[in-house]
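Below is one structure, written out as structure tokens, with a few remarks after it.
The values are calculated or read from the model by the stated rules, or taken from the named source; none is laboratory data. Quantities reported herein were computed from a predicted structural model and do not represent experimental measurements. Every residue, glycine among them, receives a Cβ derived from its backbone with ideal geometry; neighbour counts consider all protein chains shown.
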Amino acid sequence: MRAFRVAYDGRPFHGFQRQPSVPTVEDAIFDALDALDVFDRAAQDKPTNYAAAGRTDAGVSALAQTVAFECPAWCTPRALNSALPAGVRAWAAADASADFHATHDAARREYVYDLYAPDLDDERATAAAAELDGEHDFHNLTLDDRGTVRDVSIHVERDGEFLVLRVDAGGFPRELVRRLASVVRSVAAGTRSLDDVRRLLGPDPLDGPEGVPSAPPEPLLLAAVDYPALDFERDPQAAASAADVFAARRRDGLDRARVAGRIADSIDGSRDDSVAGRTAEGTDGGRDDPR
């Protein structure tokens, strides 16, 4: 049995878990293993003893998603990468016992959410995180109706124009991290109070206008999954490939942001010029001077 660390850009995928007729990260992994003859997709539902650390939603990315399955010794991260699409990269691996389970044996999972926050109040964000930190029944912050009591650690720090929200726990009910991010943002923006946060953590169900929507998935990253019994070894070639892929995607993102910013700034300038022109026309040239 081997366990693999897998990083991916979640934006092109409809989540991690297999779904019919739409691209998922798990399908990309299974296609790669099928191409490498590690297992036969036509004959097997999944690789022998396969399991993954968790399921990420559509648009969510990962640094340390972990998958484990039976495979031959030659099946290394670099071998996997030879058959994976560029946005999915294996970069480390560990030998695991025959009874290892990537879902159940994970001791801790950490997610990071980057809140674009030049106008948000850091102190209010920190106060909101302090209210949410610890063991609570998060029934108002998840789609799940069971397993909602969790002991969650939440930390907020400023990084330039972003507030970085780090959340870790043994496990998470559905959409909890994105809804925690939504709560922190709304408190930091002044649209929700700390008393509102305490009500969300209380026993009464809150939905409709009092409920909490999920924050967008794209800024969310599965950053770490801890397995005390495993010792992951980086594959230098595979890790370098992964670093190159994501560095290129960062450059592409910066290029797109630059172009979008130029368009937005130009439209704002045109709007200001247009308003100024209408004002000038109204005062000077909009009608004949009656004198």
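Looking only at the range 39-70, residues that are free of Cβ contacts under 8 Å to residues at least 60 places away in the same chain and closer than 20 Å to A242 by Cβ come to 1 in all. Scanning the range 200-242 for residues that are in contact (Cβ under 8 Å) with a residue 40 or more places away in the chain and in a helix (DSSP H, G or I) yields L200, Q237, A238, A239, S241, A242. Here the range 134-154 is the region considered, the condition is being surrounded by 15 or more Cβ atoms within 10 Å (Cβ to Cβ) and free of Cβ contacts under 8 Å to residues at least 40 places away in the same chain, and the residue that is nearest to D57 (Cα to Cα) is T142.
Being surrounded by fewer than 21 Cβ atoms within 10 Å (Cβ to Cβ), touching a Phe, Trp or Tyr at 6+ places or on another chain (Cβ under 6 Å) and in contact (Cβ under 8 Å) with a residue 12 or more places away in the chain is true for just one of A83, A98, A94. Which residue is that? Going through A83, A98, A94 in turn, just one is surrounded by fewer than 21 Cβ atoms within 10 Å (Cβ to Cβ), touching a Phe, Trp or Tyr at 6+ places or on another chain (Cβ under 6 Å) and in contact (Cβ under 8 Å) with a residue 12 or more places away in the chain: A94.
Listed here are the strands (runs of 3 or more DSSP E) enclosed by the range 25-134 that have at least 3 residues being assigned by TED's automatic domain parsing to the domain that holds S153 and at negative phi: 108-116.
Screening the candidates G59, G10 for the property of being crowded, with 21+ Cβ neighbours inside 10 Å, in contact with a Gly (Cβ under 7 Å, 6 or more places away or on another chain) and modelled with pLDDT of 95 or more yields one hit, G10. Exactly one residue out of S182, S193 is of a type in the set (S, T, Y) and crowded, with 16+ Cβ neighbours inside 10 Å: that is S182. The residue list D252, D268, D226 contains one member that is under 24 Å from the mean Cα position of the chain (by Cα) and either more than 29 Å from A169 (Cα to Cα) or polar (S, T, N, Q) (or both), which is D252. Within the range 211-232, restricting attention to residues that are under 19 Å from A96 (Cβ atoms) and loosely packed, with under 13 Cβ neighbours inside 10 Å, the residue that is modelled with the lowest pLDDT is A229.
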